[in-house]
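Just below is one structure, and these are the notes that go with it.
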Amino acid sequence: MKKFILIDALALIHRSFHALPPLSDKEGRPTNALYGFSSVLLKMLKDVKPDYIAAAFDLAKPTFRDKMFKDYKAHREKTPEALIRQIPMVKEILNVLNIKILEKEGFEADDIIGSVCQWLVKNFNDIECIIVTGDLDTLQLVSDKVKVYSLKKGISDTVIYGLKEVKERYNLEPKQLPDYKGLVGDPSDNIPGVKGIGQKTASKLIQEFSNLEGIYQNLNSSKINDKIRKILKDQKEEAFFSRELSTIYKDIPIEYKISDFTFGGYDENKVANTLLKFGFKSLIPRLPFAVLLNFKPKEMTSKTFSIPSKVLKNYKEIEKTIEFFIDDFVDKNSLVLATLRQAYILTVDKFVDNCKDKLLIGYNLKEIFKKEKLFSKLSCPLFDLKISAWLLNPDSKNLSFEKICQFYQIFPLIKEKLTLSEKIYAAFRLKEILKNELQKNNLYKIFNNIEMPIVLVLSSMERQGIKINKEKLIQLSNELQEELARLEEEIYEIAQVKFNINSPKQLVPILFEKLKLPTENIMKTPKGAISTDETELKKLLNVHPIIEKILNYRELSKLKNTYTDVLPNYIAADGRIHTNFDQAGTATGRFSSLEPNLQNIPIRTQWGMKIRGAFEAERGYQFLSFDFSQIELRIMAHFSKDEHLIKAFRQNKDIHTITAAKLHYIKEEEVSPAERRLAKILNFGILYGLSAFGLSQATQMTREQAKAFIKNYFAQFPKVKDYIDKAKKEALKKGYVETLFGRKRFLPALKSGGFRARLQAEREAINAPLQGTVADLMKLAMIKLNALLKDYPEGTGYLILQIHDELLFEIKEEYLKEIAPKIKNIMENIFPLDVPLKVDVKMGISWGQMEEIKIDF
């Protein structure tokens, strides 16, 4: 079906003006509304890909509603002059994109939109109309042929409303919304409504009686109480008048042909120049058909790029050059190496030989290096453009080469895929810009000493992979299916009805209507439904036996669908799984594991251990696991300088037992398992900014009890409270927090975010330095351990997995006793802290059958 977009222009302009900070172009003209409008327009063009398009504007003249009601929109503040100045600029953008502008004296933009929608629905069966707006007044127009594309918050978060979404939001049909406004009014337009009728009552009345006529015909119904009946009776005129003001007029004659609204055919150079005129270079790549127009880098205009069809024999220029750009493989054994003047194809061995002591520039180097074992012998310095850009902006969700080029304005226009010459030019330019930015932000040391050396370590780990027994996985999948079938029958028997156990929509009526489980203290979803997520269901564990079975069912279903059914698809020809460690996957510096994720396989459940048991060491090898014990708490002790924490760790005492003893004013030997568990929740929760509400949700405490418990915790560990307060204060002042090694986490939401965003940023200010420092220590250990294994004969052992605070090795059996103490020693002494680092060691023939071993130095 073809798509026709109708833009409610002034609604978008107003939203953009108030959502964005003041901006201006080189001539000093305000441009924040223009930028926001253009940004939403280009996003919408990309998302919707329209066949037809038009933009409706309000005129600065009275409409029929103003004549009906002199106080219509009377409460609205006068439109700011800075906004008014931008309206002609918006029209200029629309004109260069050949988007037709619609205006009609006496009517609002909504009436024009309503009339066009009606015209389309009546005359064109194959066209769907999509209204783009900054408010929700047009939801009354929604039908099977009309949708509303609206902004949820700011200018970047969008939502599309169809019939289903309108019903979910209001519990009403779109055509009933004018009746709804007739009752509740609209303060933004100064539409009075019926005073004393709230949203809930209005919605119920319309659901029961369909519309205002139905309500007033049934005014004496027992379903309307006396108080509401009197309010409705006294204000009947206001109700119908408010509905009339709220109803969009749909009968303005349309004097155009459908072909007048066809989208496309604009002059791209003209559009680009217009955006550049207003200072919107960053928006140019978002144009639906953006290309690199007549562009040649100045530094390359007089130079010729050539890629030989075969390997070159003359390496004189390579010998003289100190910096190279490396591109990906062109065939199985050869890849591209380039200077600013010349690109070469080299075999990997020639490549490795010719790169000694030279700076190697590339994008996502790990992905190149993991393809060939010879790269492990590289000894040259590296500069990864992706990793450097991530260090400077660790929260970035898009670090593609083209996006980085766009961000640092390497090209005036960017197309989706760069040519080799453009990539080479961009790489050398970016390297200088990014290096300068790293140095300016005191990040070059961590980039050079930690992030670049770890690239080769990760590439070796991914290349090596981990062996897995496919037959065991298939067997486990069958066993899980049998267990799920058994649980399913037991749940159905208790509920006395069959239903989709994984569907919250079907589960809610079973639990809270049929079985009548209590809903007190159970959270609701953003849409107002009773939540059935794991946290909420756990509150009902002791109330009814069905809850435990549902939680078990969910856990086993997740294990089957995420692991036993999926992992066989990732087994390579060598019988091993080669996960991808994303070095830029988190803002704290920790690695994430993808395709598949091997970091989240449960360790404390029977089935989780069975799945881990399918990962097996090669014959003649065993797995060695080295796990930093309570490392984040130890880093907290180091940062906070809290004497009680430091003393406990130096004496190698159980920190959770000590905490419980202090909080309950008892001796350590008197601490019960339940008290230790509670102390453990608090110890780790404090690292993540645990609130009284969060503690009460995780325990059986009331919020007041939780508040007192946290207050007592800080009284016992006062310097932990000092650290938290200082971390938040410094983050607010600087705009970022730092790890022990200088890694930065930027937290702009501390100053500009809403309440929830600010609260989240405060939690990150507390935890990011701790998590980030752990990540840095882990990376330093991995670099040193990789060098240790290189000192042994090839095939002696491999570092194969990193799982949070744990490293997993596969070591030849004859070297276990010699290597294990060295690994433990390196990890426990990787960096001097105020407290000792402790590493727990386990060994086994499979990942699920590992036993703790004691190592003495």
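Would you please list the contacts, defined by Cβ atoms under 9 Å and residues six or more apart or on different chains, that run from a residue in the stretch 550-576 that is free of Cβ contacts under 8 Å to residues at least 40 places away in the same chain to a residue that is surrounded by fewer than 16 Cβ atoms within 10 Å (Cβ to Cβ)?
Between residues of the stretch 550-576 that are free of Cβ contacts under 8 Å to residues at least 40 places away in the same chain and residues that are surrounded by fewer than 16 Cβ atoms within 10 Å (Cβ to Cβ), the close pairs are LEU551/GLU534; LEU551/LYS538; LEU551/LEU541; THR562/ASN597; THR562/ASN600; TYR570/GLU595.
Looking for something under 25 Å from LEU807 (Cα atoms) and not charged (D, E, K, R) - is there at least one such residue anywhere in the stretch 547-559?
Looking through the stretch 547-559, at least one residue is under 25 Å from LEU807 (Cα atoms) and not charged (D, E, K, R).
Starting from the stretch 160-186, take each residue that is touching a residue at least 60 places away in the same chain (Cβ under 8 Å) and in a helix (DSSP H, G or I) and list its partners that are surrounded by fewer than 19 Cβ atoms within 10 Å (Cβ to Cβ) and basic (Lys, Arg), counting only C-beta distances under 8 angstrom and pairs at least six apart or across chains.
Filtered contacts from the stretch 160-186: GLU168/LYS527.
Condition first: surrounded by fewer than 20 Cβ atoms within 10 Å (Cβ to Cβ) and under 14 Å from ASP137 (Cα atoms). Now tell me which residues in the stretch 163-172 satisfy that.
Residues satisfying the conditions are ARG169, TYR170.
Going through the stretch 193-212 one residue at a time, which ones are crowded, with 19+ Cβ neighbours inside 10 Å and not β-branched (Val, Ile, Thr)?
If the condition is that a residue be crowded, with 19+ Cβ neighbours inside 10 Å and not β-branched (Val, Ile, Thr), then GLY193, ALA202, LEU205, PHE209, LEU212 are the ones that fit.
Residues that are surrounded by 15 or more Cβ atoms within 10 Å (Cβ to Cβ) and touching a helix residue (DSSP H, G or I) at 6+ places or on another chain (Cβ under 8 Å), at least 2 per element: which strands (runs of 3 or more DSSP E) completely within the stretch 795-857 meet that?
797-803, 806-812, 839-846
Quick check on my filter: what residues within the stretch 519-536 are surrounded by fewer than 15 Cβ atoms within 10 Å (Cβ to Cβ) and in a helix (DSSP H, G or I)?
Correct list: GLU534, THR535.
Would you mind telling me which numbered condition in (1) touching an Asp or Glu at 6+ places or on another chain (Cβ under 7 Å); (2) more than 13 Å from ASP179 (Cα to Cα); (3) part of a helix (DSSP H, G or I) ILE228 fails?
Here ILE228 clears every test but (1).
If ALA427 satisfies every condition in (1) in a helix (DSSP H, G or I); (2) surrounded by fewer than 18 Cβ atoms within 10 Å (Cβ to Cβ); (3) modelled with pLDDT of 90 or more but one, which is the exception?
With respect to (1) in a helix (DSSP H, G or I); (2) surrounded by fewer than 18 Cβ atoms within 10 Å (Cβ to Cβ); (3) modelled with pLDDT of 90 or more, ALA427 is out only on (2).
For the stretch 618-666, please list each of the helices (runs of 4 or more DSSP H) lying entirely inside it that holds at least 1 residues being modelled with pLDDT of 90 or more and either out of contact with any helix residue (DSSP H, G or I) (no Cβ under 7 Å at 6 or more places or on another chain) or among the polar types (S, T, N, Q) (or both).
It comes to 631-640, 643-650.
So which residues in the stretch 460-518 are among the small types (Gly, Ala, Ser) and either part of a loop (DSSP other than H, G, I, E, B) or open to solvent by 20 Å² or more (accessible area, probe 1.4 Å) (or both), if there are any at all?
Hits for the stretch 460-518 are SER460, GLY465, ALA485, SER503.
How many residues are out of contact with any Ser or Thr (no Cβ under 7 Å at 6 or more places or on another chain) and within 30 Å of LEU777 (Cβ to Cβ) if we restrict to the stretch 568-579?
So the count comes out to 4.
Of the conditions (1) open to solvent by 50 Å² or more (accessible area, probe 1.4 Å); (2) assigned to a helix (DSSP H, G or I); (3) at pLDDT 95 or above, GLN760 clears all except one; give me its number.
(3)
Out of (1) open to solvent by 30 Å² or more (accessible area, probe 1.4 Å); (2) within 30 Å of ALA272 (Cβ to Cβ); (3) more than 34 Å from the chain's Cα centre (by Cα), the odd one out for ILE113 is which?
Condition not satisfied by ILE113: (1).
Can you pull out the residues in the stretch 698-722 that are open to solvent by less than 40 Å² (accessible area, probe 1.4 Å) and in contact (Cβ under 8 Å) with a residue 24 or more places away in the chain?
Within the stretch 698-722, PHE709, ILE710, ASN712, TYR713, GLN716, PHE717, VAL720 qualify.
Where in the stretch 313-404 are there helices (runs of 4 or more DSSP H), lying fully within it, with 3 or more residues that are at pLDDT 90 or above?
Once the helices (runs of 4 or more DSSP H) in the stretch 313-404 are filtered for at least 3 residues that are at pLDDT 90 or above, what remains is 365-369, 385-392.
Among GLN606, GLN599, which is over 30 Å from THR519 (Cα atoms), surrounded by fewer than 19 Cβ atoms within 10 Å (Cβ to Cβ) and over 29 Å from the mean Cα position of the chain (by Cα)?
Only one candidate passes the filter, namely GLN606.
Looking at the structure I just gave you, is VAL132 aliphatic (A, V, I, L, M) and either free of Cβ contacts under 8 Å to residues at least 60 places away in the same chain or not in a strand (DSSP E or B) (or both)?
no
Before we move on, is ILE215 out of contact with any Phe, Trp or Tyr (no Cβ under 6 Å at 6 or more places or on another chain), more than 22 Å from LEU6 (Cα to Cα) and surrounded by 12 or more Cβ atoms within 10 Å (Cβ to Cβ)?
No; evaluated as a whole, the condition is false for this residue.
Quick check on this structure: which one of GLN622, GLN599, GLN583, GLN651 is of a type outside the set (Ser, Thr, Tyr) and farther than 27 Å from LYS370 by Cβ?
Only one candidate passes the filter, namely GLN651.
The values are calculated or read from the model by the stated rules, or taken from the named source; none is laboratory data. Just so we're clear, the structure is a prediction, and the values are computed from it rather than from any experiment. Positions of Cβ are backbone-derived with ideal geometry, glycine not excepted, and every protein chain shown enters the neighbour counts. The protein model used for the area step is the full one, side chains on, heavy atoms only, and it has no ligands, DNA or RNA in it. Shrake-Rupley method; radii C 1.70, N 1.55, O 1.52, S 1.80 Å.
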